[in-house]
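Following: one structure in structure tokens, then a few remarks.
Every number here is computed from the coordinates shown, using simple stated rules; none is lab data. Quick caveat: nothing in here was measured; it's all calculated off a predicted structure. Positions of Cβ are generated from backbone atoms using ideal geometry, with glycine treated the same way; all protein chains shown enter the neighbour counts.
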Amino acid sequence: MKIAVCQLNSIIGDIEGNKLKILEHYKKGIKDKVDLVVCPELALPGYPPQDLVEKKEFREAVKKAAEEIAAETKSVGLIFGAITESFDDVGTDVFNSALLCYDGNIRFIQNKTLIPNYDVFDEVRYFESGKDSDIHAFKDEKLGISICEDIWNDVDYWKKRRYVNDPVEKQVKLGATVLVNISASPYAFGKREQRREMLSVLTKADKLPLAYVCCAGAQTDLIFDGASMCFGSDGILKMLGKKYSEDYFIFDTEGDYKSISDVEAGYEEEALEALIFGVKEYCSKTGFKKALVGLSGGIDSALVTYIAVQALGKENVHVIMMPSEFSSEGSINDSKKLIQNLGISSGLIPIQPVFEKVKEVLKPAFGNAKEDITEENIQPRIRGMYLMALANKFGYLLLTTGNKSELATGYATLYGDMCGALAVIADVYKTDVYRICNFINMDEEIIPKEIIEKAPSAELKHNQVDQDTLPEYDFLDKILKMYLEENKEFFQIVKELGNPDIIKNVLRMVDMNEFKRKQAAPALRISTKAFGYGRRYPIVQGWRRR
């Protein structure tokens, strides 16, 4: 069977635009004389549609568009993801479905059986589980069609399975001869290799070819990397779609292909590519043309500026330097060097006059209270006001520059350096920021070495460095990764790393600063556990606060 794999980038809610894109690729498949054209999960409404699913008008628009797509089909089959409804007295009556269309009609519907409800997934809120998993005879083959999570429960791969049922296993027992999985699988570093391993085990054990078709695109914080995979019945990866891009290619289940083993690059390359793609997608889908960054002379804002330039072009990135009496001369000079290296426009607006005036105005209210972190935080809040004003005046997308280590420990000022619409590196630990910057500089010095080599500092008081209040970042990030991503308990972390007092304090900082993260800009997700929708902890709670 010749299968056209259509790795689409749908826009959530743009039903008409998505419909036209599906039909465009279908017609291309007809021209290429394929047997079957396959598009990703929920390609018609876009993924994830979230509470749009609860709008009757939205569901009806999806149904109408699906019928219009089906009406244009010929003998070549077309599979795409959509929403369907089936009314009874139990459940939501709404399904995440794969529609198989040919000869002018919807001929077969396979509803998603395994409905994920963990991490960034909340499909149980909207979709009912499919009642059964079946196969469909088409062009001398028996198709076993599944949707994303349905294929992530293979008994031969997982030591501990999340679900009792295995929809794909049932399709195999029913006599499926070709497997098709349509997917919208968010990217995290390491997941692409995991997909390859899992799908290889499954196809080798079942002795069946598989077309795994994943969407490509970014929806706010979620990044979908594409990289659709086609396997032979020997479990060998035969074809691989482009990363972070739409793609179209033809997979012949009986074709002779070379084996593909490398599917994922190193962390630095993957993270950088994903973040650039995330910024580019956010701007493209929201209509922003230009980005604004507050450039401090530190490594975080330097990395965010570089990413913005790669995503939007140097002519569409503007930076502002906002020195105070505590800003070192090197911070300004280092920033100017970066600006020159990147060829971007810039401005300089000192905050000192406003800072002095604010302190003067507040003095009667503060009375004899000594200066402390309050005055420190006034400075980033003035900078935030400047940046928001410029963003409003000129239509910039303001990018925040805080990293994951800072966001975890609360080492960021609410309504100050947290101002912005998109948190570009909020899922990148500080130590990984250094790794990525050194990777960028591998062939030539783009980010000035002075920025990379200087001791990190917020520069909110004289001679300040981050390690005045935080452990060394190498040690801090080990604690954070174990706590946030590996979900390890206090005693487990202490057993491995020692230093119980430091670890207890770090975990307390993480738990205490949930209120800040609830108000933070959405963070581009490149790890298995990013701050935001995928990590939900209560603000008001007593765990470890004492």
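In segment 2-257, the ratio of gyration radius to Kirkwood radius, Rg to Rh, stands at 0.93 when only Cα atoms are counted.
Reducing segment 20-71 and segment 469-546 to their Cα centroids gives an inter-centroid distance of 41 Å.
Of Lys204/Lys529; Lys289/Lys529; Lys2/Lys27; Lys370/Lys504; Lys33/Lys204; Lys2/Lys191, which ones are farther than 20 Å apart at the Cα? Those over the limit are Lys204/Lys529; Lys289/Lys529; Lys370/Lys504; Lys33/Lys204; Lys2/Lys191.
Relative to the globular-protein estimate of 2.2 N^0.38 Å, the Cα radius of gyration of the chain stands at 1.07. The GluC sites (Glu not before Pro) found in segment 326-420 that occupy coil by DSSP, while having at most 11 further C-beta atoms within 10 Å, are Glu371. For the chain, adding -39500 (n - 2.57) for each run of n ≥ 4 DSSP H residues and dividing by the number of residues yields -11500 deg cm²/dmol at 222 nm. Would you mind telling me the antiparallel percentage of the DSSP bridges in the chain, rounded to 5? DSSP beta bridges in the chain are roughly 55 percent antiparallel.
Working note: Cα atoms of segment 208-348, range along each principal axis, descending, whole Å: 69, 30, 22.
In segment 133-218, the convex hull through the Cα atoms has an average projected area of 6.0 nm², a quarter of its surface area. Round to a whole angstrom and tell me the spacing of the C-alpha centers of segment 285-360 and segment 194-231. Comparing the Cα centres of segment 285-360 and segment 194-231, I get a distance of 40 Å.
Using the Cβ of Leu222 as centre and a radius below 14 Å, the other residues enclosed give a net charge of -3, where K and R count +1 and D and E count -1.
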